[in-house]
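What follows is a short report on a single structure.
What follows is calculated from the coordinates using simple rules that are stated; it is not laboratory data. Given the structure is predicted, the values throughout are model-derived calculations rather than measurements. For neighbour counting, all protein chains shown are included, and Cβ atoms are generated from backbone atoms with ideal geometry for every residue, glycine included.
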Amino acid sequence: MHAFANPTKFLAIARPVTPWALWGGVLLSLVGLACGLWLTPADYLQKDSVRILYVHVPAAWLGMAGWTGIAAASLMQLVWRHPLAAVAGRALAVPGAVFAALCLATGSIWGRPTWGTWWEWDGRLTSMLILFFLYLGYIALAQANADRGAGGQRVVAIFGIVGAVNIPVIRYSVVWWNTLHQGQSIGLTRTTIDASILWPLPIVVLGFTMLFTAVVLMRMRTMLADGKVEARLRRMARA
Amino acid sequence: MNHWPFVIAAYAIVLAGTGGLCVWAHAAMRRAERRADAVTSQPRQAGQSRQADQSRQAER
């Protein structure tokens, strides 16, 4: 990990990986979504609205994974002072916020035919909404501290670590509280979803994860290129 | 109740959101890398001092 914290080494890997992650993600996502729409049966209870699973679950996973990544990058930034860690944290924020918003939107659309309501202030929905607001706060804080050097970036990193407290709250909200949201359906050892409905899910999760990776790599490359331009302009102004 | 309008709305939102995010990130990256290439390929100004060279080493 320490070896790849150098921008030059990172770019040598990121440049060839980005198109593979992008187009591989597009292909897998479209194949998985098509399978979910046309090749799986409707649920006996939820009917066709169960198909929203194939867009809602990847969005929820990536919304939470994005902040977990921000927390890990923030820790690396504070402990090891990796030059790329702050860039990675900021690059994760926008795609994480987008997927958290997509999770809330698709969950709301799923809730209307399933529960009879668009929104309910229960543990899972509220903690996910808090995650979305945390993303917005992180983006605003990172923007405000962009020109304030290492001190400003430390504040952003601390916010990234403190915000991670919300991740286990989201994960265990359906266990800790009696919520309208269904309990955990997919675990490491067992699942309560029938195999005939479940099988396209790993394909879409992998596809959207590859798209997320591609977006994060593109955002990091953008920030490194912007940094290069700023450094060059500073040198030219000094000369 | 017909569930298909809800399914179509959910898929449309996710495809539009993810597609828009990818296009925006790609366009921003292309713009930034083109600008960086243009700036770094500019010929060095005459009289650029040794101190500037040293500061470039430090920035690396």
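Seen from all directions on average, the stretch A:53-181 presents a Cα convex hull projection of 7.8 nm². In order along the stretch A:171-183, the Karplus-derived 3J(HN,Hα) couplings, from 6.51 cos²θ - 1.76 cosθ + 1.60 at θ = phi - 60°, round to 4, 9, 4, 6, 8, 6, 10, 7, 10, 6, 5, 4, x Hz, and Gly and Pro are given as x. Considering only A:220, A:23, A:33, and ranking their Cα positions along the charge dipole of chain A that arises from unit charges at the beta-carbon of Lys, Arg, Asp and Glu, the one farthest toward the positive end is A:220. Per-residue ellipticity at 222 nm computed for chain A from its helices equals -26500 deg cm²/dmol, with DSSP H segments shorter than 4 residues left out and the rest contributing -39,500 (n - 2.57). Looking at the stretch A:168-239, the trypsin sites (Lys or Arg not before Pro) that sit in a DSSP loop and have at most 16 other Cβ atoms within 10 Å of their own Cβ are A:190. Backbone phi angles across the stretch A:45-55, fed through the Karplus curve with coefficients 6.51, -1.76 and 1.60 (θ = phi - 60°), yield HN-Hα couplings of 9, 8, 6, 6, 5, 4, 5, 5, 3, 6, 10 Hz in residue order; Gly and Pro are listed as x. What shape does the protein assembly as shown take by its C-alpha gyration tensor, where a ≥ b ≥ c are the square roots of the eigenvalues and a/c under 1.5 counts as rounded, a/b above b/c as prolate, and the rest as oblate? Verdict is prolate for the protein assembly as shown.
Where in the stretch A:153-192 does the label zone of residue A:140 land, with the point 7 angstrom along Cα→C-beta and an amide N cut-off under 16 Å? A:156, A:159-160, A:163, by backbone N distance to the label point. Working note: Karplus 6.51/-1.76/1.60 with θ = phi - 60° gives the stretch A:227-238 the couplings x, 5, 5, 4, 4, 5, 5, 5, 4, 5, 5, 6 Hz, where Gly and Pro are set to x. Which distance in Å, rounded to a whole number, links the C-alpha centroids of the stretch A:152-195 and the stretch B:28-42? Rounded to whole Å, the Cα centres lie 40 Å apart.
Ranked by how many other Cβ atoms sit within 10 Å of their own Cβ, fewest first, the residues A:198, A:84 fall in the order A:198, A:84. Summarising the label geometry, the points placed 7 Å from Cα in the beta-carbon direction at residue A:79 and residue B:15 lie 4.3 nm from one another. Label positions at residue A:27 and residue A:6, each projected 7 Å from the Cα along the C-beta direction, are separated by 3.3 nm.
Dipole check for the protein assembly as shown: with +1 at the C-beta of Lys and Arg, -1 at the C-beta of Asp and Glu, and the Cα centre as origin, the magnitude is about 1440 Debye.
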